[in-house]
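Beneath this line is the structure, given in structure tokens, with notes to follow.
Derivation of every value follows stated rules applied to the coordinates shown; laboratory data play no part. Treat the numbers as computed from the prediction; the structure is a model and nothing was measured. Every residue, glycine as well, gets a Cβ built from its backbone with ideal geometry; the counts of neighbours run over all protein chains shown.
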Amino acid sequence: MAGRARAGRLLAVSEPKWWEQGADPDYRFSLANERTFLAWIRTALAFIAAAVALEQLVPSFSVHGVRTALSILLAVFGLVAGVGAYRHWARSERAMRLGAPLPHSPLLLVLSVGLVVVAVVVMVVLLVPSP
Amino acid sequence: MSEARDPGLQAERTSLAWSRTALTASVAALLVTRDGVVSHHTELTVAGLLLLGVAVVTLVAARRRQSSISRAVAGGRSPASRSGVLLLTALVVALGAAVLWSVLA
């Protein structure tokens, strides 16, 4: 136990306070929370893969620089979704331990708006004729 | 060894979700590796291969998750795995950072 705590400190991932607070939730809820986290992680990975694919496989758009800008935007969405996935998992697990209401995730709104922006930009760029 | 009772196939479904995610992460890591090879960025190639290694480790852990959940539940402990969640988050952040670096370089 002491060795484990030391290893945790070395990795700077020592158990947060809430990990031992409250009571263990119904294991089905913990596992559902874990699967939701994994679904968000897959979403983040899809964003990251899209960023690479756009940069490597798509010929340059007629408007200069748009492809790189979209690629950066998609990679940033991937990072936001990845960090947000962990945050949402931890907050949900904590809420379940304490019997508090489940947290609302801003990820849904942020990524939906982001995707709409990407789609609109792509549509506009595709409609602009190449010189 | 008899399989533990798993109503609703909770352990199996969670283990499969880990597998799907680890496979997706492998594809992303392969894309980063390809990016490194195509653009002649040795650092990016090495980073991609390292991340591919982590993704493969995650896949192995995914296969073991079913029995670790069953054991925790049978022992009356919470099956929540903070280390696994942290490892995967770190992998995704590293992949995203590698892609950003590649696009900006």
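Peptide A:49-55 is shielded by partner chain Cβ atoms: per residue, an average of 6 of them sit within 10 Å of its Cβ. Backbone phi angles across region A:57-69, fed through the Karplus curve with coefficients 6.51, -1.76 and 1.60 (θ = phi - 60°), yield HN-Hα couplings of 10, 8, x, 4, 5, 5, 8, 5, x, 5, 4, 5, 4 Hz in residue order; Gly and Pro are listed as x. Among the GluC sites (Glu not before Pro) found in region B:1-60, those both in a DSSP coil and sparsely packed, with 12 or fewer other Cβ atoms within 10 Å of their Cβ, are B:E3.
Neighbours of B:V57 by Cβ distance under 14 Å: Lys/Arg scored +1, Asp/Glu scored -1, total +3. Given an 8 Å cut-off on Cα distances and at least 6 residues of separation, report the relative contact order of chain A as a percent. After rounding, I find 31 percent. In region B:9-104, Cα pairs under 8 Å separated by at least six residues give a relative contact order of 34 percent.
Rg/Rh, computed from the Cα trace of chain A with Rh as the Kirkwood radius, has the value 1.15. Peptide A:85-91 shows a mean partner chain C-beta count of 3 within 10 Å per residue C-beta.
The A:V124 and A:H104 beta-carbon pair, evaluated with R₀ = 25 Å, returns a calculated FRET efficiency of approximately 0.20.
Angle of helix A:107-127 to the longest C-alpha principal axis of chain A, folded into 0 to 90 degrees and rounded to 10: 10°. Considering only the Cα atoms of the protein assembly as shown, their convex hull presents on average a projected area of 15.3 nm². Per-residue shielding of A:75-82, expressed as the average number of other chain Cβ atoms within 10 Å of the residue Cβ, stands at 5. In this structure, A:V117 and B:A105 have a Cβ-Cβ separation that, at R0 = 22 Å, corresponds to a calculated FRET efficiency of about 0.35. In this simple spin-label approximation, A:S62 and A:E20 carry label points 7 Å from Cα along the Cα→Cβ vector, and these lie 6.5 nm apart.
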